[in-house]
Every structure is written in C-alpha cells, then in structure tokens.
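**Student:** Submitted below is the structure of interest, expressed as structure tokens.
Throughout, read-outs are computed from the coordinates displayed, never taken from laboratory work. Here the structure is a predicted model, which means the values were calculated and not measured. All Cβ positions, glycine included, derive from the backbone under ideal geometry; neighbour counts span all protein chains shown.
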Amino acid sequence: MSITAELERIVGPEAVVADKKLLGSFACDLSFVTGKKPSCIARPKRASEVQEIVRLANARGIPLVTRSSTGERFRGDTVPLSAEAVIMDLSGMDAIIRMDKRNKVAMIEPGVTFGMLQAAAAQEGLRLAMPLLPRRTKSVLGSYLEREPHTIPKFHWDMSDPICCLELIFGTGDLFRTGSAAGPGSLEEQWAAKQAQKSPMGPSQTDFMKIVQGSQGTMAIATWATVKLELMPVVQKAFFVPAQNLSELVDFTYAILRPKLPDECFILNNVDLAAILGSNSEEITSLAKNLPPWILFFAIAGCEHFPEERVDYIEQDITEIAAHAGVKPVQRLAGIPAMKFLGLLSSPSDDPYWKLRVRGSCQDIFFLNTLDRAPEFAQEIEKDLRKYTFSKEDLGVYIQPIQQGRNCHIEFTLMHAAGDAEATRRVKKLFESSSRTLADMGGFFSRPYGIWSKIAYARCPDTIKALRKLKNIFDPHGVLNPGRLCFGKEVRP
C-alpha cells in the first residue's frame, strides 16, 4: 500500500493533500533555508491519529515535519530537509480543552491561535502572555514551545514559562505526559481532585518538557499543553519613554523591572514602532521620521483588589525612578496615545503582518544577552548595515527583557523589498555575516534556526553529544524533522 493510501486510512481521504503546487510551497519559506518538496500533507484531528502516523513513519522510514501554525513561515524550521517527507499539519486540532480560572491555567491543542485563546480567556476574566503582535494564524503552543518571548517580563520566571504540562508523542510512537499530568490517575480523576496540571516538573525529578521545548519538532510532537494565564487588569496606564540613545534607557529599565513594577515592558526603535502603528510603507516612513530613535514602552496595572490605589503608587514610584535616571515617561508620543498602543498588544497583528508592511519582506536576527550590552550589539548591526549599503530605515529593533529582566531577547529585523533579487542577495550576505559577528560578541542563539545551528553548536561539542544520546532514545529511527539542529542526517537502524 502506498504512503498516501496508508495516511488516508488513518486520517481519512479528505485530510490528506497531495496538490503539487501547495507541496512545492513547503520547500522554502521567507527564510534563507531551502529544502525538499514533501510527498504530501496529513491533517490529523486527534492524538491517536498522530500516534498512528508516527508509527507508520517508523515502519516505512518516512520523515515527518510537524507544524501547527498556518500562513507565512519565517524561520525554516518546517522546511523539509529530507526527500519524500510528510508534513503533519496539526492546525485542525484547535480545541481549548479546559479553562480553569481558579488555577489560572488553560489546556489547549496545537491549532489554538492567540486570538482564539485570548477571547476564551477574557470571558473568564483572564489574559495570556503574548509575543509582540504575533501573526493571526500563529499557534500558541508552537510559539511557547519555541520559547518566543512575551511582553510581560514580570510573569516570566523560567525559560519554559508559560508552558506547564504537555502530552507528547515521541519519535518511537509512545504517548507520554509530562509534569503533574503524568499522574497518578487520569486527567478526569485529577480534575475531580482539584488538580490543574500546572506543575511542569516530572514524572519524578526529570523535566521532560525542557527536552522537547526548543527542539524544533525533532524529539516529540505535542498534542496538548497546559499554559499559565493571568488575571485581566481592571485599571491600566501606559507610557512611552523617548530617548536619543539606547544607553539612556538601560538603567531606568533595570530600575523598574527589579521591583517588578510594570507589566508590559520592552524597547523598540522608531522603525519597529512605526511599522506596528502604520498601515503601509509610506505611512510608516513618515511616522518613523517623527519619532525619537528609541522608545521604551511600559504599562502598569491593577487587578481585583484596590486597582486604582495600586496603579497610583506604582506610577509615583516610577516617576521618582525616572527623575533619578534622567528620563521622562509620557502618555502620548508624536500624537500617539500610549493606551492606544497598549490596546494593540492585546491582539494578534492585523494583516499584512506588521514586519512585512515596511518593505514587503524581512529577515530577523535574534539572540539572548543582557540588557546592558544591547547598545553594543545595536552599534555593530548599524555598522554592518552601512557595509552592505542599507540605511537605518531598513532596520527594526526590538529588545524584550525576559526572566524579570535578568536577561533579554535582542531582535534585529532586516527589512527588504519582496521580489527584489539584488536586495535579497545583499540581505542574505548581511544576515550571515552579522549572525556570525554577533555570536562572536557573545550573542547566545538559543533558538538556532538555519545557519544558526552551526554557529551555536560549534561552540558546545558536549551539548551535541548529550543531545544525540537523547535523540537516540526518543526518536531512534530519526523520523522527526531529520537533519535539523545538530543531528545531521541520522543513520536509521
């Protein structure tokens, strides 16, 4: 029996797609990663079907590449690197299985988008931690598994936040549940006992979730997750802090994060802020010229108990800190109310996706380091821009403190014209050169997509040995996203 026929038997004929034009679109994306055209797309609706597909892949030696988001793809992690791969599309598994206000946790399938979960959470008086204006079709679980930073650093305690527990199908085809979801008892029995699958550690003292998180689908496939939620604020105030130099904002940002005063808190340059607020290239260019080079945005909030009093004393504390730091928070910048901007952050990006509004295409370079070193990295990328004849108007910068400000996500977006072969060639050279330079300066590529995997893993051979041992345990036949990360072409028994 053919692979297509086998898959149709598992998920039904209507859930297997073999359209050549559609399959060809999966051989590349908006990144510089190029791969192979898959043989077909399978769209399972339940965990048991995922399990059967993985078992079939093991029996027939089929590479599997899993995705849960739809629409544009930017990082190359779902581009098949092996011929005749099957794309397993989990976007149809989009149930919000459980919403638990008492424990501030939701159980979701991989196809649930940020808009879907935000709407469901709001009905319970809750909200979720979101990345900076994600795409409308972005999977919540996919985002959290890839450790995309969210905009509220005070709720970010551990790199795994806000994921709690997972249901996984390992590359062996075995179903496994992590953390407190592992038992004792079934999920229904745990719910009856008022448990909420919120503790990520376990079974025992092993944190299996951290083996899977950030693995780009090479270790296991997640079929549901529990994720932390937070109370919806009753009162909020939002502020911009303009600056001519990025270094002017560093000490102030540290000072307000240390006592966990703000909720949302991050830094943008004028290009990124204009791209978020503008609707087309001309409008964005005009707006960027009227903005200061650097802007810190933060919001403060009060929830159920004495919300006005809480917001008042936090604002007073921040005002004192600002005076000492020599900066001035304002509630309106270039005619833009900070509260209007805060409202945008509660939903996914409108179409077109905000990063594509400036030039039509873009490439991101992002890594981890500490906030105090962000000005050094910004200066270096600006130097590289001049070397490859790009202007500052082509560069977006987003700096997101994480883990309550202990370190930060630094992201440079290289904007370029879609369809312009010469511009794309120069951006590719800039992207590759700058990635290596920033890594040499200490940029930690914790999410090593594409060429970053070679850059990151070359610095840590012991990690490669450990990960290959784990890969041999959880995916011994190498069927899950083969060729990705540090695994190369796995030798299948």
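**Student:** Hey, what did the stretch 235-440 get for relative contact order, percent, Cα under 8 Å, at least 6 apart?
**Tutor:** It comes to 26 percent, rounded to a whole number.
**Student:** May I pose another question? Please give me the summed charge of the neighbours of M1: other residues whose Cβ is under 12 Å from its Cβ, Lys and Arg +1, Asp and Glu -1.
**Tutor:** Local charge sum for M1: 0.
**Student:** Could you give the dipole magnitude of the stretch 96-231 about its Cα centre, charging the beta-carbon of Lys and Arg +1 and that of Asp and Glu -1, in debye to the nearest 20?
**Tutor:** About 440 debye.
**Student:** Can I ask one more? Among residues other than I256 whose Cβ falls under 12 Å from its Cβ, what is the net charge (Lys/Arg +1, Asp/Glu -1)?
**Tutor:** Charge balance near I256 sits at -3.
**Student:** Would you mind checking which residues have amide H under 5 Å from F445's amide H? H placed 1.01 Å from N; only 5 or more apart, or other chain.
**Tutor:** Result for F445 returns L368.
**Student:** Can you compute 3J(HN,Hα) from phi for each residue in the stretch 59-67, using the Karplus curve 6.51 cos²θ - 1.76 cosθ + 1.60 with θ = phi - 60°, rounded to whole Hz and x for Gly and Pro?
**Tutor:** Using θ = phi - 60°, the values come out as 5, 10, x, 9, x, 10, 10, 9, 9 Hz.
**Student:** In addition: Please give the peptides 419-429, 450-460, 396-406 ranked by average Cβ packing (other Cβ atoms within 10 Å per residue), highest first, as a rough proxy for protection.
**Tutor:** 396-406, 450-460, 419-429
**Student:** How far, in degrees from 0 to 90, does helix 374-387 lean away from the longest principal axis of the Cα atoms of the chain, to the nearest 10?
**Tutor:** Tilt relative to the chain: about 80 degrees.
**Student:** Where does helix 114-123 land angle-wise versus the long Cα axis of the chain, in degrees 0 to 90, nearest 10?
**Tutor:** That works out to roughly 70 degrees.
**Student:** Using the Cα centre as the reference, give the magnitude of the dipole from point charges on the C-beta atoms of the chain (Lys, Arg: +1; Asp, Glu: -1; all else neutral), rounded to the nearest 20 debye.
**Tutor:** I would put it at about 1220 debye.
**Student:** Once Rh for the chain is found with the Kirkwood sum over Cα pairs, what is the Stokes-Einstein diffusion coefficient at 37 °C and 0.692 mPa s, in µm²/s?
**Tutor:** Approximately 139 µm²/s, per Stokes-Einstein.
**Student:** Here are some pairs, K210/K260; K154/K210; K45/K355; which of them have Cα atoms lying more than 29 Å apart in this structure?
**Tutor:** K45/K355
**Student:** Would you mind checking the tilt of helix 307-325 against the longest principal axis of the Cα atoms of the chain, expressed as 0 to 90 degrees and rounded to 10?
**Tutor:** 70 degrees
**Student:** Using the Karplus curve 6.51 cos²θ - 1.76 cosθ + 1.60 with θ = phi - 60°, what ³J(HN,Hα) values do you get for each residue of the stretch 414-430, in whole Hz, with x for Gly and Pro?
**Tutor:** Whole-Hz 3J(HN,Hα) from phi for the stretch 414-430: 8, 7, 8, 6, 5, x, 8, 4, 5, 4, 5, 4, 5, 5, 4, 5, 4.
**Student:** Translational diffusion coefficient, Stokes-Einstein: compute it for the stretch 96-231 using the Kirkwood radius over C-alpha pairs as Rh, at 25 °C and 0.890 mPa s, and state it as an integer in µm² s⁻¹.
**Tutor:** 164 µm²/s
**Student:** Now for a separate question. Run lengths n ≥ 4 of DSSP H only: what is the helix-derived mean residue ellipticity at 222 nm for the chain, with -39500 (n - 2.57) per run over all residues, to the nearest 500?
**Tutor:** -10000 deg cm²/dmol
**Student:** What pairs in K20/K454; K383/K429; K289/K428; K138/K328 have C-alpha atoms more than 24 Å from each other?
**Tutor:** With Cα atoms farther than 24 Å apart: K20/K454; K289/K428; K138/K328.
**Student:** Quick query: amide H of C165 versus all other amide H atoms, modeled in the peptide plane; which residues come in under 5 Å with a sequence gap of 5 or more or a different chain?
**Tutor:** Those qualifying (amide H under 5 Å, at least 5 residues apart or on another chain) are T226.
**Student:** Read phi for every residue in the stretch 136-142 and hand back ³J(HN,Hα) as whole Hz from Karplus 6.51 cos²θ - 1.76 cosθ + 1.60, θ = phi - 60°, with x for Gly and Pro.
**Tutor:** Whole-Hz 3J(HN,Hα) from phi for the stretch 136-142: 4, 9, 6, 6, 4, 5, x.
**Student:** Place +1 on the Cβ of every Lys and Arg and -1 on the Cβ of every Asp and Glu in the chain, take the dipole about the Cα centre, and give the residue among M201, I314, G442 whose Cα lies farthest towards its positive end.
**Tutor:** Comparing the listed Cα positions along the dipole, G442 ranks first.
**Student:** Now, a different point. What are the lysines whose alpha-carbon lies under 22 Å from the alpha-carbon of K21, with same-chain residues fewer than 8 places away excluded?
**Tutor:** Partners found: K36, K37.
**Student:** Arrange the peptides 317-327, 466-476, 122-132 so that the one whose residues have, on average, the most other Cβ atoms within 10 Å appears first.
**Tutor:** So the peptides 317-327, 466-476, 122-132, ranked by packing, come out 122-132, 466-476, 317-327.
**Student:** Under 8 Å for C-alpha pairs, at least 6 residues apart: give me the relative contact order for the chain, rounded to a whole percent.
**Tutor:** 16 percent
**Student:** Amide H to amide H, which residues 5 or more places from E84 or on other chains are under 5 Å from it, using H placed in the peptide plane?
**Tutor:** HN-HN under 5 Å from E84: S39.
**Student:** Okay, moving on. Rounded if a/c is under 1.5, else prolate if a/b is larger than b/c, else oblate: which is the stretch 32-79, with a ≥ b ≥ c the root eigenvalues of its Cα gyration tensor?
**Tutor:** Oblate shape, in that a/c is at least 1.5 and b/c is the bigger or equal ratio.
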